[in-house]
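Everything on this sheet refers to the single structure shown next.
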Amino acid sequence: MYPALIAAERPEATAYVMAGTGHTLTYRHLDEQSNRLAHLLRAHGIGPGGSVILIAENRVEWPIVMAAGMRAGLYVTPVNWHLTEIELRGMLAEALSAGAPAAVITSADRAGTVLSALSALGALPGPAGPAGLPGPYGDGRKPLGLCLDGAAGPLASFHDAIDGRPATPVADELLGARVLYSGGTTGRPKAFRQRLLGVHPADAPPRHAGLTARLAIDADTVFLSPAPNYHAAPFTFQLLTLGLGGTVVCMERFDAQAALEAIERYGVSHSQWVPTMLSRLLALPADARGRHDLSGHRVAWTSGGPCSHELKKGVMSWWGPILHEYYGASEGYGHTYVSPEEALVRPGTVGRALSGGVHITDENGVEVGPHTVGKIWFSGGGAYRNADDDAVGVDPHGRRSVGDLGRLDEDGFLYLVGREGHTIVTGGVNVYPTEVEHALMLHPSVADAAVFGVPDPEFGERVKAVVQLRDPGRDGEPRAELVDFCRTRLAGFKVPREIEFVDRLPRLPTGKLNKGVLMDAGAAAVHMSAPRFEVLHALRVKGMADVSAVGALSGLGEEQASRHLAALAQEGLVTLRERPRAMAALTAAGREEHLRLLAEEVGEQAVKALEADYERFLPINRQFKRVCTSWQIRDDTSEPNDHGDAGYDAGVVERLAVVHADLLDVLDSSAGTLPRFRRYARRLTDALARVRAGETAAFARPLADSYHDIWMELHQDLLLALRRERSARDE
């Protein structure tokens, strides 16, 4: 990626546009702004071999930071901005451990967490130099700190800092290298650094040339990037597109309906998805899927997780035969590729080797023949190998693996079956979770599924499935039906012996299933609380509520909630009032019983986990309050909003959608600790859909199950779970 080449030929061509806001960068702007940032970095001692670390949401400054690092010979390090202070501390410690000068760039919403992590490491930016900027380095541990939204404590304003710097290249331009992390949310963070090649950016070897050719990425490409930019695939394909002079359309956060709108609005030709996104697109109502012109959308691809044959067929029956797939490790050890046509005739394959070779070995490292499951290894590799991969996952033949399991057919097509360590051994026989998950996903009632092994006294392990239904209210809990369905597609020993149902499976922002949450926490992470507690808790959250509100908040529905309220009233734990409106509230005894049950449900470990989630919730809560104010009082006139200006309201709703997407990530984590938080995700999503459909009351009207009311319930629920009284800090 070297924007100077494109800017010289087509300076006003669009390089980057944010799908929601429409904020745009031309190649001229990208070239000039990245030059200015490169000069700033040089002025603060950050030369070749240093690092630029970006911890920020998807936003228009992303390509500026990436291009500056790539033309200044730096390690370009995008970091997951959802991380807590403790998790972030580990990554920053690793990133700064070499002692080379570095810059840390973040946003206002993440500044507090970033500064806390840096403070704990003794690496706060500073001291301040002229013009409010940190002074030159005394040692490599004090990074240059910049905030994209203006100065924040020791963080200087990003835009003020680069303004006035030269728009021409630095004298010693060198090609930078990518750094990606794995394991940051589940263990010690592990960095994968590409090698610094020591060449000028204009002379960079081509990246993924074979894949680029098969996907027909070129200067005419308009590429929709719907995933978080810090993930490997969006990062890579944005750089590929920009390097060839195409246009990147970056979504602030993924939303299925908004993605279709962006394809039509911006004339998107290419797009990259993870399977979960494709599933959510297919789950849209037929009229929502059909209202957009997708005729210019000619190439799509999926990666980042197994994509079932049925899902591919569903997408291609809608979009046509345009869905490609590739498989490869983020570390860049090798890749496979399968075309749409090959995928339709070879169900389940992720293709043949595209770079290097693919090998399957048994547990002794001996290569096995076709149709035998074993460990997947890649051989070969190109110029962009990782700087430290010689010591990681390498066998005596120089082949590299990340622990995936699979098999090859006679023609060299690879089929994934799972992860090493996730294989279920039941009665001495191996069961591969991916195969069982694919079988479950074929059932029309199943929206999502996760399969893993749990201890069994007779067989060692038994197969367990955790299932998310498309319509829980309609489908009930069809355990027997799903077991019978699996028996028609799987050998008996592979059929789940245990099935649990949840409102929503925990997925990472990239769409990948966070199976570790399910496997580590076991049934405790997914079971639903007893109805008695749920009703008491709903009343404690609401204070006073009718049966409908209790049913919604508890997840029990009106009929069950009514029965439990009557029983609790007989125990003296609830008082019922019939006039002027049927309402219920806790008695003093009911509040004591609720506290007792809450203490049983939320132990010390759960409180610690929720405290981390709550720290992520607070800045999102402040964003939400600003959006609510804009809904009630117009930003442009400071007058009450009468909702007569559809354009103004639509802009506020889009801001709400961004906040909503941020909140869903927090709720995914909280639901891994307390499953009831999944219900808030569903209810808030439904309320947002009502707002988007034109129901203004669904935004903030009291007693209307509005988005605002549900948010307030969630906030109170978090405070109760943490056993803390509301203070000014919580506002």
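The values are calculated or read from the model by the stated rules, or taken from the named source; none is laboratory data. In this text the structure is predicted, and so the values were computed from the model without any measurement. All Cβ positions, even for glycine, are placed from backbone atoms using ideal geometry, and neighbour counts span all protein chains on display.
For every residue, the table says whether it meets (1) modelled with pLDDT of 95 or more; (2) out of contact with any strand residue (DSSP E or B) (no Cβ under 8 Å at 6 or more places or on another chain); (3) in a loop (DSSP other than H, G, I, E, B); (4) not assigned by TED's automatic domain parsing to the domain that holds Leu92.
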position	(1), (2), (3), (4)
Ile6	yes, no, no, yes
Pro11	yes, no, yes, yes
Glu32	yes, yes, no, no
Asn35	yes, yes, no, no
Gly49	no, no, yes, no
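It is to be established whether one or more residues within region 125-143 are within 27 Å of the chain's Cα centre (by Cα), at pLDDT below 90, among the hydroxyl-bearing types (Ser, Thr, Tyr) and in a loop (DSSP other than H, G, I, E, B). Steps first, please.
At the first step, the residues of region 125-143 found to be within 27 Å of the chain's Cα centre (by Cα) are none.
No: zero hits.
If you take the residues of region 648-697 that are part of a helix (DSSP H, G or I) and of a type in the set (Val, Ile, Thr), which of them is nearest to Gln623 (Cα to Cα)? Talk me through it step by step, then tell me what you get.
Within region 648-697, the first condition is being part of a helix (DSSP H, G or I), and the residues that meet it are 648-673, 677-692, 697.
After this cut, where a residue has to be of a type in the set (Val, Ile, Thr) as well, the list is 652-653, 658-659, 666, 673, 685, 691.
Numbers: Val652: 12, Val653: 13, Val658: 10, Val659: 7, Val666: 14, Thr673: 24, Thr685: 17, Val691: 18 Å.
Residue satisfying both the conditions and the ranking: Val659.
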Name the residues in region 261-302 that are crowded, with 21+ Cβ neighbours inside 10 Å and part of a loop (DSSP other than H, G, I, E, B), would you?
Val268, Ser269, Val274, His297
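Any residue at all in region 636-646 that's in a helix (DSSP H, G or I) and either surrounded by 16 or more Cβ atoms within 10 Å (Cβ to Cβ) or without any contact (Cβ under 8 Å) to a residue 60 or more places away in the chain (or both)? Let's see the steps before the verdict.
Step one: of region 636-646, the residues in a helix (DSSP H, G or I) are 646.
When the remaining residues are screened for being either surrounded by 16 or more Cβ atoms within 10 Å (Cβ to Cβ) or without any contact (Cβ under 8 Å) to a residue 60 or more places away in the chain (or both), the result is 646.
Checked region 636-646: at least one residue is in a helix (DSSP H, G or I) and either surrounded by 16 or more Cβ atoms within 10 Å (Cβ to Cβ) or without any contact (Cβ under 8 Å) to a residue 60 or more places away in the chain (or both).
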At pLDDT below 90, on the phi > 0 side of the Ramachandran plot and either touching a helix residue (DSSP H, G or I) at 6+ places or on another chain (Cβ under 7 Å) or not assigned by TED's automatic domain parsing to the domain that holds Val446 (or both): does that describe His231?
no
Matching residues in region 392-422 - criterion: being modelled with pLDDT of 75 or more, buried (at least 18 other Cβ atoms within 10 Å of the Cβ) and assigned to a loop (DSSP other than H, G, I, E, B)
Arg399, Ser401, Phe413
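Among the residues of region 26-35, is there at least one that is over 19 Å from Thr247 (Cα atoms) and either touching a residue at least 12 places away in the same chain (Cβ under 8 Å) or of a type in the set (Phe, Trp, Tyr) (or both)?
Within region 26-35, the subset over 19 Å from Thr247 (Cα atoms) is 35.
From what is left, the residues that are either touching a residue at least 12 places away in the same chain (Cβ under 8 Å) or of a type in the set (Phe, Trp, Tyr) (or both) are 35.
Yes, there is a match, as at least one residue in region 26-35 is over 19 Å from Thr247 (Cα atoms) and either touching a residue at least 12 places away in the same chain (Cβ under 8 Å) or of a type in the set (Phe, Trp, Tyr) (or both).
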Filtered residues of region 320-358 (kept if assigned to a helix (DSSP H, G or I) and either surrounded by fewer than 19 Cβ atoms within 10 Å (Cβ to Cβ) or out of contact with any His (no Cβ under 9 Å at 6 or more places or on another chain) (or both))
Glu341, Glu342, Leu344, Val345
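What tally of residues in region 580-600 results from selecting those that are outside any helix (DSSP H, G or I) and over 17 Å from Ala549 (Cα atoms)? Give the steps one after another, and end with the answer.
Within region 580-600, the subset outside any helix (DSSP H, G or I) is 580-587.
With the extra rule that they be over 17 Å from Ala549 (Cα atoms), the set shrinks to 587.
Going through region 580-600 one residue at a time, the tally reaches 1.
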If Thr372 satisfies every condition in (1) within 14 Å of Gly406 (Cβ to Cβ); (2) touching a His at 6+ places or on another chain (Cβ under 6 Å) but one, which is the exception?
(2)
Kindly establish whether Val368 is surrounded by 14 or more Cβ atoms within 10 Å (Cβ to Cβ) and without any contact (Cβ under 8 Å) to a residue 12 or more places away in the chain.
yes
Test Pro478 against the stated conditions and say whether it is modelled with pLDDT of 85 or more, farther than 30 Å from Asp362 by Cα, surrounded by fewer than 19 Cβ atoms within 10 Å (Cβ to Cβ) and not acidic (Asp, Glu).
yes
Would you check which residues across region 671-702 are surrounded by fewer than 21 Cβ atoms within 10 Å (Cβ to Cβ) and β-branched (Val, Ile, Thr) and list them?
Thr685, Thr696
Exactly one of (1) under 20 Å from Ala191 (Cα atoms); (2) hydrophobic (A, V, I, L, M, F, W, C); (3) part of a helix (DSSP H, G or I) is unmet by Leu54. Its number?
(3)
If you go through Val627, Val547, the only one that is within 23 Å of Asp686 (Cα to Cα) and touching a Leu at 6+ places or on another chain (Cβ under 6 Å) is Val627
Among (1) touching a Gly at 6+ places or on another chain (Cβ under 6 Å); (2) without any contact (Cβ under 8 Å) to a residue 12 or more places away in the chain; (3) of a type in the set (A, V, I, L, M, F, W, C), Val76 falls short only on (2)
